[in-house]
Amino acid sequence: MARRSELLVWASALLPVVMLGLGCTDPDCDTGSATCAAPETAPLLAGPPPILPCEKTPHDPKLGTLRLHPDFIPLEAARLPQDLSHLTAVPSQTGFSLYGIRGTLKTLHSLGKWPHLSLSETPLLEVIAPEDRRFNPILSPFLVNDGRRLVTGYIKTNTRGTGSILIHDLEALTPPLYVPAPGNASAAAMTGAAASGISGFLVSGMGLAQLGSVSSDSAVYVLKTPKQPDRATPLATFAPEWAAVSSVSAYTSNGIAVLGYFSGMDTQEHLHAVPSAAQATALISGTPLSLLDWPEIYSGNSEAFFVSGFGNGLAIHRGTRTGTQEVRWIPLAHSSTELSAVQAGLPLSLLWSQDTCTRVTRLVPMGPDLLVGIDDKSGERLVRIHKP
C-alpha cells in the first residue's frame, strides 16, 4: 500500500493539471535561515485584481505588469513558438541554441539561435521509443543539457510508473539512447568544472540504479554520460520517516546541487542544497548521502511550484495555476571556511506580480542568465534576465 501511495503521489506530480508548490504565506518565512512554520491554511494570491481590465492596463513589452528587482536587468526578448511544453538552451561558441519539445506531438525540435527563434518543421526525433508509444506515455517535466547531450524522460501510463530517460547526442550520428528509469520526476545537468570533475545528469526517480525495477525507493541518481550508461550511481537518499518521493532537481553555476522531495507527512515540497565536495565524495565512495544532513533552503506547498538554477543561486516560482505571486531567488555559495558546507544568502523577490494580468510560465537556465517565460495579453515570450 505504501508503494502504491508513493506512485500515486509521484504520478500526480507529472500531470499538467496538478497543484505544483508555493512557499509560506508570510513573505518573511523562508528557509534560507529557518524552517517554515505550519503549512499555510489559505491559498496564496497571485496578485490583486487589476484596477483596469487587463486589455487596458499598461504593459511593459518585456515584463508585462511584473516588477523586476533593481539588482537585475532584462535583456533580449523573443516570441515563443506555440505548443512548446519543454525548453533548454545549449551553449556554443557563438551563443546559445535552443531546443524544445512539442507537447501535443511529443517531438523534439531545434528552435535556432537565441534570440532568433523559429520552430523547425521537421523534428529531430520522437521523444517516445517506438515500442512504448502504445502505452500513451506522459512526458516528464524536464528537458536539460550538458552542452552536448539533451536529456528528457517519460512514464508509460498504466504500468506502475515504468518509464525511460532519453539521451540524445547532438554531435553524434548514433540513434538516441533510452535508459530504463522508473518514476523519473526531474533531472539537472552537472558541469564538470563546477562539480569537481563530475560529468553527468542528476536524475530524481525510483529504481534507476536497477534499471527497470520499480522496487527501489525514491532517490537521486547520477547518470554518467561519457560512456554508454548501463547503471546509474546513487547520489542522495530521502530519510524513510519523511515518506518522501522525488521532486525537483537543479544545479547552480558554482556546482551546488539543489535536490527536492515531496513529503507525504506534511504535503510540502522541501529543497536541500548539497556542495560539490559532498557530491564527489558520495560518488567516489559509492555511499549515497542523506539529504537530511544538508541544509534545507526552502519548503512550501505544491501549487505552481517550479525551479531553475540561476547563476550562483536558485530561482523558485511561487503562485497559483493561473497566476504568479513571485519568482524568488536564493543565492548559494560554498563556505569559505569549510568546503563541505553551503551558505544560503538572503532570499529576494526577483520578479513579483502587481495584478493577475501577467504570469510566469517557465524558468530555463541559459549560461549565467535565466530565461523567463512570460504570458499576458501579448502572448507568451521569453525574456533573458541578467545579474550584473
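The values are calculated or read from the model by the stated rules, or taken from the named source; none is laboratory data. Predicted model only: the values in this text are computed from it and were never measured. No Cβ is skipped: glycine too gets one built from the backbone with ideal geometry, and neighbour counts run over all protein chains shown. Quick note on the areas: whole protein, heavy atoms, side chains included, nothing else; ligands and nucleic acids left out. Shrake-Rupley method; radii C 1.70, N 1.55, O 1.52, S 1.80 Å.
Does PHE238 qualify as being among the aromatic types (Phe, Trp, Tyr) and at pLDDT below 90? For PHE238, the condition - among the aromatic types (Phe, Trp, Tyr) and at pLDDT below 90 - is met.
Filtering region 303-338 down to residues that are at pLDDT below 95 and among the acidic types (Asp, Glu), which residue is most open to solvent (accessible area, probe 1.4 Å)? So, considering only residues that are at pLDDT below 95 and among the acidic types (Asp, Glu), the one most open to solvent (accessible area, probe 1.4 Å) is GLU338. If you go through region 351-364 and keep only what is modelled with pLDDT of 95 or more and either assigned to a strand (DSSP E or B) or on the phi > 0 side of the Ramachandran plot (or both), you end up with LEU351, TRP352, ARG359, VAL360, THR361, ARG362, LEU363, VAL364. Applying the condition of being under 24 Å from the mean Cα position of the chain (by Cα), part of a loop (DSSP other than H, G, I, E, B) and of a type in the set (Val, Ile, Thr) to region 116-151 and asking which residue is surrounded by the most Cβ atoms within 10 Å (Cβ to Cβ) yields VAL127. Residues in region 160-187 that are of a type in the set (Ser, Thr, Tyr) and open to solvent by 30 Å² or more (accessible area, probe 1.4 Å): 3 in all. Under the condition of being touching a Phe, Trp or Tyr at 6+ places or on another chain (Cβ under 6 Å), in a strand (DSSP E or B) and either within 21 Å of LEU84 (Cβ to Cβ) or of a type outside the set (S, T, N, Q) (or both), the residues counted in region 153-165 number 1. For region 52-73, which residues satisfy the criterion of being in contact (Cβ under 8 Å) with a residue 12 or more places away in the chain, out of contact with any Cys (no Cβ under 8 Å at 6 or more places or on another chain) and over 16 Å from GLU380 (Cα atoms)? Scanning region 52-73 gives ARG67, LEU68, HIS69, ASP71, PHE72, ILE73. Looking at (1) open to solvent by 40 Å² or more (accessible area, probe 1.4 Å); (2) closer than 19 Å to ALA250 by Cβ; (3) over 16 Å from the mean Cα position of the chain (by Cα), which one does ALA280 not meet, given that it meets all the others? It fails just one condition, (1). Residues of region 365-387 that are in a strand (DSSP E or B), open to solvent by 10 Å² or more (accessible area, probe 1.4 Å) and within 21 Å of VAL258 (Cα to Cα): PRO365, HIS386. In the set (1) surrounded by fewer than 17 Cβ atoms within 10 Å (Cβ to Cβ); (2) modelled with pLDDT of 90 or more, SER110 fails one condition alone, (1).
Applying the criterion of being of a type outside the set (Gly, Ala, Ser) and surrounded by fewer than 20 Cβ atoms within 10 Å (Cβ to Cβ) to the residues of region 258-277, the residue that is nearest to the chain's Cα centre (by Cα) is THR267. Residues of region 187-210 that are assigned to a loop (DSSP other than H, G, I, E, B) and at pLDDT 65 or above: THR191, ILE198, SER199, GLY207. May I ask you to verify whether SER92 is in contact with a Gly (Cβ under 8 Å, 6 or more places away or on another chain) and small (Gly, Ala, Ser)? No; evaluated as a whole, the condition is false for this residue. Take the conditions modelled with pLDDT of 95 or more and touching an Asp or Glu at 6+ places or on another chain (Cβ under 7 Å) and apply them to ARG102. Does it pass? It is true that ARG102 is modelled with pLDDT of 95 or more and touching an Asp or Glu at 6+ places or on another chain (Cβ under 7 Å).
Pull up region 330-374, narrow it to residues that are without any contact (Cβ under 8 Å) to a residue 24 or more places away in the chain and of a type outside the set (Gly, Ala, Ser), then point me to the one that is nearest to SER249 (Cα to Cα). Restricting to residues being without any contact (Cβ under 8 Å) to a residue 24 or more places away in the chain and of a type outside the set (Gly, Ala, Ser), the top hit is PRO331.
Of everything in region 241-257 that is assigned to a loop (DSSP other than H, G, I, E, B) and at pLDDT 90 or above, the residue that is surrounded by the fewest Cβ atoms within 10 Å (Cβ to Cβ) is SER253. The one condition from (1) in a strand (DSSP E or B); (2) at pLDDT below 95 that PRO175 does not meet is (1).
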